[in-house]
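The values are calculated or read from the model by the stated rules, or taken from the named source; none is laboratory data. The structure displayed is predicted, hence computed values, not measured ones. Please note: Cβ atoms are built from the backbone with ideal geometry, for glycine as well, and neighbour counts cover all protein chains shown.
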Amino acid sequence: MSEANNSPVPDTRALAEEHERLGRAALRLITDYARSLDDAPVCSEATPEQLIELFDEPLPIEGSSAEEIFKHVERDLIPHAMNIPSPRYFGLFNPTPLPVAVWADVVASALNQNGAAWRNSPSISVIEARVLRWLCQLIGYGPESFGTLTSGGSEANLVGLKCARDRALEGARDRGLRADGSNGNLIVYASEQCHYSFVKSVDILGLGRENLRKIDTDERFHIRTDLLRAAVERDLSEGHTPVCVAGAAGATSTGVVDPLDELADLAREYKLWFHVDAAYGGALAFSEKHKWRLRGIERADSVAFDPHKWMFVPFECGALLVRGGGRVLRDAFDITPEYLSENRGGADVEYDFFRYGQLGTRRGMALKVWAAMKSLGVRGYAEVVDRQVELVNYLASRFDESEEFERVGEVETALCCARFLPAWARAKTPAEQDELQRALQQRVERSGGAWLATTVLHGRRALRINVNSFLTERRHIDYLVELLRREGSKLMREGGEL
Ligand SMILES: Cc1ncc(COP(=O)(O)O)c(C=O)c1O
């Protein structure tokens, strides 16, 4: 704040000076943080109650200086953050963000463009169209395709299913689901491994949670197309309306890719909308070595593909791509409020992203994606994706050669599932073995050495390990295996924890 100006908000000269001062302070916090990542515990041991105490302040009546606020951040917030960017974070699909994307996002914040209407975000909206074109091209879509950036994969799936619903039931958008009084139940099909956002989406779209058919998977956790066909036939014979089949390209629990080509055939045969949830696995498209797994994705009517997962873009940023182009999204979402009806009569309306999806005000998300894609290029992404898949295959081989672990499923992306089952645990009941996985995850978490999740696969709990960070190396994988062993044998000694 300038001294001449006693107002709590700066004038433009003071604004620049404050940015400079705080920029330096933030830069120091971020660089110190980055430097600490190799050694720092991955997560804090603090309980919610302890954290509530750290931030238990009354409503601030008087303002405090930015320096004090940043000190508070450094003292109480950063030490208790989950170290998602750590090379030993093996958790959900949460990446180490690329510095170029982080700083592009800072620039986007400072410019505060509102990407809803082109007029309020002219250059970033055009960049959004550009990155969407790049993503469409990557997955093999033609030039007419288009899309929209979203807050994440959940919203991308919702937008895709909205297009599916509207195509199946003309008039649903304007008159509601029972518009013609005879549509029966509208059914969406996905594997039992589908992300929970499908459940929410069918609810939000008025289809009802019971009308999401979760189809069983085979022993490698791919959707069983024979059961899918049987379910569609059964629904047709009962007078329901099959609407959409969704395939996973990188399922949340296993990372595996459903047989997309087969699903595309089936969708065509029954005239269903074909949606692919490639929120995570879409990045396989960068890799010459692994992109064959996505074969058939280019036949999908819509694809969810999140830059904030395997493209190392900081939260938030998802994308929904549509083969049929912007017209499909406009039919589903377009509206012209009075205060957004002025345009220059040119192409500007084409870049009004509020017309293409659910979001109104939206930050300039495209800038960080654009910066990341320009910075790494397809080759750079391919190199990281290939390296991470290789690392996870290495982890799988470590599990396979050990008598203490039993691998579950296949490695098709950078995700591997396994169960810790040393000789002493094999005689235990299934429920006790499941509890062992949970107890081991807890111990690893409390050790601060690494973070991983557990999941349930065909009814049994397993460890779920995903390499998310471009910082992860073999030594981190070796460390993880040793940590699991060490904490596992402590569990055996303590026995009572099970
Ligand atoms: C396969 C898949 N689809 C969709 C989502 C939802 O994405 P988001 O959390 O960005 O909304 C996830 C989240 O992990 C996911 O794994």
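Pairing each residue of the stretch 278-300 that is free of Cβ contacts under 8 Å to residues at least 60 places away in the same chain and assigned to a helix (DSSP H, G or I) with any residue that is aliphatic (A, V, I, L, M) and away from the ligand (no atom under 14 Å from the Cβ), provided the two are 6+ apart or on different chains, yields C-beta distances under 6 Å for LYS291/ALA285; ARG299/ALA264.
Of everything listed in (1) more than 16 Å from the ligand (Cβ to nearest atom); (2) surrounded by 16 or more Cβ atoms within 10 Å (Cβ to Cβ), the single unmet condition for ASN94 is (1). Considering only residues of the stretch 257-299 that are farther than 20 Å from SER201 by Cα and β-branched (Val, Ile, Thr), which is farthest from the ligand (Cβ to nearest atom)? Here the residue is ILE297.
Filtering SER341, SER302 for residues that are more than 21 Å from ALA108 (Cα to Cα) and either of a type in the set (D, E, K, R) or within 16 Å of the ligand (Cβ to nearest atom) (or both) leaves a single hit, SER302.
Considering the stretch 253-277, the residues that are touching a strand residue (DSSP E or B) at 6+ places or on another chain (Cβ under 8 Å) and part of a loop (DSSP other than H, G, I, E, B) include one that is surrounded by the most Cβ atoms within 10 Å (Cβ to Cβ), namely ASP258. Annotation: SER121 fulfils all but one of (1) within 22 Å of the chain's Cα centre (by Cα); (2) buried (at least 21 other Cβ atoms within 10 Å of the Cβ); (3) among the polar types (S, T, N, Q); the unmet one is (1).
Could you please find all residues in the stretch 100-155 being in contact with a strand residue (DSSP E or B) (Cβ under 9 Å, 6 or more places away or on another chain), of a type outside the set (Ser, Thr, Tyr) and in a loop (DSSP other than H, G, I, E, B)?
Listed by number, the residues that qualify are GLY115, ILE139, GLY152.
Is it true that some residue in the stretch 201-210 is part of a strand (DSSP E or B), among the hydrophobic types (A, V, I, L, M, F, W, C) and in contact (Cβ under 8 Å) with a residue 12 or more places away in the chain? No, because not a single residue in the stretch 201-210 is part of a strand (DSSP E or B), among the hydrophobic types (A, V, I, L, M, F, W, C) and in contact (Cβ under 8 Å) with a residue 12 or more places away in the chain.
Quick one: is ASP56 assigned to a helix (DSSP H, G or I) and farther than 30 Å from ALA371 by Cβ? Outline the logic, then answer.
Values: assigned to a helix (DSSP H, G or I): no; farther than 30 Å from ALA371 by Cβ: yes.
So ASP56 does not fit the description; no.
If we keep just the residues of the stretch 21-57 that are exposed (fewer than 11 other Cβ atoms within 10 Å of the Cβ) and of a type in the set (Asp, Glu), which is nearest to ASN94 (Cα to Cα)? Checking each candidate, the answer is ASP39. When ALA319 is tested against (1) buried (at least 18 other Cβ atoms within 10 Å of the Cβ); (2) more than 14 Å from the ligand (Cβ to nearest atom), only condition (2) is not met. Among all residues of the stretch 463-475, there is none that is crowded, with 20+ Cβ neighbours inside 10 Å, over 20 Å from GLU412 (Cβ atoms) and either not assigned by TED's automatic domain parsing to the domain that holds GLU406 or not hydroxyl-bearing (Ser, Thr, Tyr) (or both). Considering the stretch 328-384 alone, what residues qualify as being of a type in the set (A, V, I, L, M) and within 26 Å of ALA101 (Cα to Cα)? Hits for the stretch 328-384 are LEU359, MET365, ALA366, LEU367, VAL369, ALA371, ALA372, MET373, LEU376, VAL378, ALA382, VAL384.
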